[in-house]
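*Asks:* Before we start, here is the structure in question, set down as structure tokens.
The values are calculated or read from the model by the stated rules, or taken from the named source; none is laboratory data. What you are looking at is a predicted structure, and each value in this text was computed from that prediction instead of being measured. Here the Cβ is made from the backbone with ideal geometry for all residues, glycine too, and neighbour counts use every protein chain on show.
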Amino acid sequence: MVLAINADNDGRGRIREFVAENDLQQRMLLRGDGVGFQQYHLKRLPTVYFIDRKGDVVSRAPGYQSYEQLENSLQKALRK
């Protein structure tokens with residue numbers, strides 16, 4: 001499952017626009033209330049986390065990720 005967290009707490013309308021403009025398919029947490037910054041120590045947006053089946057963070061990558069980088073991280077998470 002993929003989950004996106006709206007760190008800025010934008011309104012539903014703005015989130016719907018963003019999702020439509022970018023053809024996003026993942027679930028979106030609309031009001032993160034700082035969860036990303038507080039619990040996951042975000043410093044840059046976007047930051048991609050891969051979490052294995054046990055719930056352990058396998059990788060953390062701040063900033064834009066190429067398709068190849070995302071694919072490698074995903075494969076690593078699936079091997080755990």
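*Asks:* Would you say VAL2 is closer than 26 Å to LEU78 by Cβ, among the aliphatic types (A, V, I, L, M) and at pLDDT 80 or above?
*Replies:* Here the answer is no, as VAL2 does not meet what is asked.
*Asks:* Please work out which one of (1) surrounded by 13 or more Cβ atoms within 10 Å (Cβ to Cβ); (2) at pLDDT below 80 is the condition ASN72 fails and give its number.
*Replies:* Just one mismatch for ASN72, condition (2).
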